[in-house]
Amino acid sequence: MTDFTLTLADLGNTSAQNIETLFAQANGILGVRASLPIPSTESSPGSFINGFYESHEIVYGENAYGYAKNHQTMVKLFDLRTIEIAIDGESEFSLLEQDLRLEMATGILSESYRYATKSGKKIQIDLESLASHANRAVYAQKISVTALNFSGAVKIGKKARHIKPEGISEFDPRLKESSADLQISGNRYRTKNSQLDLFVKFDDFDETLSLAESQTFTFTQLYHLSRLNDFSDVTYDTLKMQQTAIFKDFWASSDIEIVGDDKLQKGIRFNLYHLFNSAGRDGHTNFAAKGLTGEGYEGHYFWDTEMYLLPFFIYTQPEIAKSLLTFRANILPQAQKRAAELEFAGALFAWRTINGEETSAYYPAGTAQLHINADIAYAFELYDNVTGDADFIAKNRKVIYEIARFWMSYGFMSARGFEIHEVTGPDEYTALVNNNFYTNKMVQNTFYYAAKLAVRFDENLDEALKWSTAANKMYFGYDEKRQLTQQDDSFLDKEPWEFDKTPTENYPLLLHYHPMKIYKHQVLKQADTILAHMLFSESKEQIARDYDFYEPLTTHDSSLSRAVYGVVASKIDRNEQAYDFFKAAATMDLDDRQGNASHGIHAANMGGSWLGLIYGFAGLQLENGQIKTSNHLPKAIKSLRFNLLIRGKMTEIFIKND
Ligand code: IFM
């Protein structure tokens, strides 16, 4: 297979922490940052277990009823990568050369480092490693140490080191201390507050060898980390063989071939590779905003899963999609409790969470993003339509009914129709508004789907009638004079943001302006109305007018924005604009375009780049179980080939630009 290799030459930013993120290895349960074998002062090594978090009470200066009570932070666990080396007693090294090769075709990372001591003794460290997809408790390494220009005693120590809290120095609301003090008893590590257990089995290594010049010593290290104290015996070679086979299957169903732009070809494969690696697999974990590659956003699960990641999984890896949706079904009790606490009916899912409880300490851009509830329903419906998995829907349909009940109790019927007030839409630079267009559209869709299920299963028919009526009467604001869809009731009346007076270094705005200043202006962080246009049908003229109005007001400070604008640009036949957006999405982390890949991958954008190709360039639409495509290839792309798995049947789609 060609073009499945990632090297340092593919990266726009080769800082130590960027490399750690981009070359990180993960298997949906366990993630390990690709830190240097001999760490530098810039290193931020660590490993993560999906869903393994510590909690702390949120201390509010001014509390109010119903605010989220606890932080949940995915714990930064062990440094599994550091090798302690001493040559004839010298243990300080400078890095001379490094070379990393990530074989995305097999899920195996190869690395080579050359180091020198102060007195000039040089060694080479070669590593081969994997986070096993066959045995998700295991991170495995094959380590070779070569004496390059000396003969002598080399002491090698390889021990898993628990990372202790050190505090965060940077001001960035997207980051929080993630290391935690753990209570250790034998091979069990327990979080103090959340009382979660993790069991480990480490084969530590500590030896002094005598190496002759050019002689290499090779050994393997296996690290087992699991929520269950149950480990099987495995060997490095078996794990490697299994890993290769699993990745072969993955690419056979999920690869996308782009002819005409090698950089984008690599970019999209890199994105799909990380999507496969960080998705939870057990129905009790989900997909963190940064996957299992970094500590940004505390390992929380957001709507990113439903609206940006699930389409890829639903169409190519339905088993993974099912487990991500099962997670939502499993946290239904927490959502029901939350709705009751806030005195609404049904279920209210948390904006950001690990264990199902709301953990957003800033409700205007957190809990108020109620749209996540409609997003979840949307994803269930997409799964239903694409896979035809009737058993799953039959088993979990209560999730949809409960969400519909929440919306019936949250919205209200006025003379104008069914209205939904005091919400924040996807655009986090506009908060607490009435009738956010995206939210109302998604809720309308939720009501229709809930009513359809009620008819399909012949139950809740009285409620179904109310849901259909609310859907039919859903209110959408429209500015007749300007012929524009209103993002919400007040957006078009706001003061324009002075973009020409905003210096480049003041982006992202969230790091430089108080929320009140941002909220009172016409400025968007990310696609909002335009996201609704990506999902639902509307005349091309209307979409184009809205696109031309909202895009110049959008900073794209959120990584979730560009891909969506790209899909919609394709939808209105602006194929070259779509191409520019797609390029930005496909290479966002490789080129560190958001400037914070060090905190972890931008997973939603990676899913968004799949949407850019499949919904955008290939114009995929699903109507009544039938797929339709249309050709929106930009000039530079000669052809596009991909697979879709629809109702269990694999369909290959090939589009050429002529
Ligand atoms: O869910 C997103 C949100 O839409 C924008 N801020 C970051 C979150 C996590 O990716």
- Message: Which one, S232, L80, Y67, is farthest towards the positive end of the dipole of the chain when Lys and Arg carry +1 and Asp and Glu -1 on their Cβ?
- Response: S232
- Item | For A24, residues with placed amide H under 5 Å, excluding near neighbours | A34
- Query: How would you classify the stretch 249-303 from its alpha-carbon gyration tensor, with a ≥ b ≥ c the square roots of the eigenvalues: rounded for a/c under 1.5, else prolate if a/b is greater than b/c, otherwise oblate?
  - Reply: oblate
- Item | Loop GluC sites (Glu not before Pro), the stretch 148-256, which have at most 12 other Cβ atoms in a 10 Å radius of their Cβ (DSSP) | E166, E170, E213
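Averaged per residue, what accessible area in Å² does the chain show with a 1.4 Å probe, protein chains only? Intermediate values should be presented prior to the final figure.
Values: 25020 Å² over 658 residues.
Using a 1.4 Å probe on heavy atoms only, each residue of the chain averages 38 Å².
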- Query: Relative to the first principal axis of the alpha-carbon coordinates of the chain, what is the inclination of helix 437-456, with its axis defined by its Cα atoms, in degrees from 0 to 90 and to the nearest 10?
  - Reply: 80 degrees
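Starting from the residue with the highest accessible area, list D126, D230 in decreasing order, probe 1.4 Å.
On the way: D126 45, D230 115 Å².
Ranked from most to least accessible, the order is D230, D126.
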- Item | Low-density loop positions, trypsin sites (Lys or Arg not before Pro), the stretch 436-497 - DSSP coil, at most 11 other Cβ in 10 Å | K481, R482
- Which Cα, out of F437, F406, N135, lies furthest along the positive dipole direction of the chain (beta carbon charges, K/R +1, D/E -1)? N135
- Applied in sequence order to the stretch 417-427, the curve 6.51 cos²θ - 1.76 cosθ + 1.60 (Karplus, θ = phi - 60°) yields integer Hz couplings, x standing for Gly and Pro, of x, 7, 10, 10, 10, 6, 10, 10, x, x, 6
- Message: Output needed: percent of Cα pairs per 10 Å distance bin for the stretch 1-137, bins running from 0 to the one holding the longest distance.
- Response: 10, 33, 28, 17, 9, 3, 0
- Item | Relative contact order, percent, the chain [alpha-carbon distance under 8 Å, six or more residues apart] | 13 percent
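For Cα pairs less than 8 Å apart in space and 6+ apart in sequence, what is the mean separation divided by the residue count of the stretch 8-96, i.e. the relative contact order in percent? Before the final figure, lay out each step's value.
Numbers: 119 pairs, mean separation 21.3, N = 89.
Averaging sequence separation for qualifying contacts and normalising by length gives 24 percent for the stretch 8-96.
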- Task: For the chain, build the charge dipole from Cβ charges (+1 Lys, Arg; -1 Asp, Glu) around the Cα centre, then report which of S144, F205, L465 sits farthest towards its positive end.
- Result: L465
- Relative to the chain, whose Cα atoms define the longest principal axis, helix 318-330 and its Cα axis are tilted in degrees, nearest 10, by 70 degrees
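May I ask what percent, to the nearest 5, of DSSP beta bridges between residues of the chain are antiparallel?
Working: 96 of 101 bridges.
In the chain, DSSP labels about 95 percent of beta bridges as antiparallel.
Are there any trypsin sites (Lys or Arg not before Pro) in the stretch 128-213 that are in a DSSP loop and have at most 13 other Cβ atoms within 10 Å? List them by number.
Working: sites: R136, K142, K155, K158, K159, R161, R174, K176, R188, R190, K192, K201; in loops: R136, K159, R174, K176, K192.
Counting only loop positions with at most 13 other Cβ atoms within 10 Å, the trypsin sites (Lys or Arg not before Pro) in the stretch 128-213 are K192.
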- Message: Per residue of the stretch 270-279, what does 6.51 cos²θ - 1.76 cosθ + 1.60 with θ = phi - 60° give for ³J(HN,Hα)? Whole Hz please, x for Gly and Pro, Karplus curve as stated.
- Response: 4, 5, 5, 4, 5, 4, 4, 7, 9, 6
- Which cross-chain or sequence-distant (5 or more) residues have an amide H under 5 Å from the amide H of D488, H modelled 1.01 Å from N in plane? F437
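Given charges of +1 on the Cβ of Lys and Arg and -1 on the Cβ of Asp and Glu, with all other atoms neutral, how large is the dipole of the stretch 189-326 about its Cα centre, in debye to the nearest 20? Before the final figure, lay out each step's value.
Numbers: 12 positive and 20 negative charges, 83 e Å.
Its charge dipole is roughly 400 debye.
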- Item | Extension gain from E463 to E166, taking 0.36 nm per residue of separation minus the Cα-Cα distance | 101.6 nm
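Calculate the dipole size of the stretch 584-658 relative to its Cα centre from +1 charges on Lys and Arg beta carbons and -1 charges on Asp and Glu beta carbons; express the result in debye to the nearest 20. Provide the component values of the computation, followed by the final result.
On the way: 8 positive and 6 negative charges, 68 e Å.
In debye, rounded to 20, the stretch 584-658 gives about 320.
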- Message: Skipping prolines and chain starts, which residues have an amide H placed within reach, meaning under 5 Å, of the one on T353, given they are 5 or more residues away or on another chain?
- Response: Y301
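Under a point-charge model restricted to the Cβ atoms of Lys and Arg (+1) and Asp and Glu (-1), what is the dipole moment magnitude of the chain relative to its Cα centre, in debye to the nearest 20?
Numbers: 66 positive and 86 negative charges, 178 e Å.
For the chain, the charge dipole is close to 860 debye.
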- Query: Let a ≥ b ≥ c be the square roots of the eigenvalues of the Cα gyration tensor of the stretch 223-347; is it rounded (a/c under 1.5), or, if not, prolate (a/b larger than b/c) or oblate?
  - Reply: oblate
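Using alpha carbons only, what's the Rg to Rh ratio of the stretch 574-640 with Rh from Kirkwood? Numbers along the way, then the final one.
Numbers: Rg = 13.7 Å, Rh = 13.0 Å.
Ratio of gyration radius to Kirkwood radius: 1.06.
Out of the total accessible area of the chain (probe 1.4 Å, heavy atoms of protein only), what percent is carbon and sulfur? Numbers along the way, then the final one.
On the way: 12000 of 25020 Å².
Exposed carbon and sulfur together represent 48 percent of the surface.
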- Query: What's the angle, to the nearest 10 degrees (0 to 90), between helix 562-571's Cα axis and the longest principal axis of the chain?
  - Reply: 50 degrees
- Message: From the phi angles alone, apply the Karplus equation (6.51, -1.76, 1.60; θ = phi - 60°) to the stretch 397-404 and give each ³J(HN,Hα) in whole Hz, x where the residue is Gly or Pro.
- Response: 5, 4, 4, 5, 4, 5, 5, 4
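The values are calculated or read from the model by the stated rules, or taken from the named source; none is laboratory data. On a predicted model such as this, the values are computed, not experimentally measured, just so you know. In this analysis, Cβ positions are derived from the backbone assuming ideal geometry, glycine residues included, and neighbour counts consider all displayed protein chains. The area values use the complete protein model at the heavy-atom level, side chains included, leaving out ligands, DNA and RNA. Shrake-Rupley method; radii C 1.70, N 1.55, O 1.52, S 1.80 Å.
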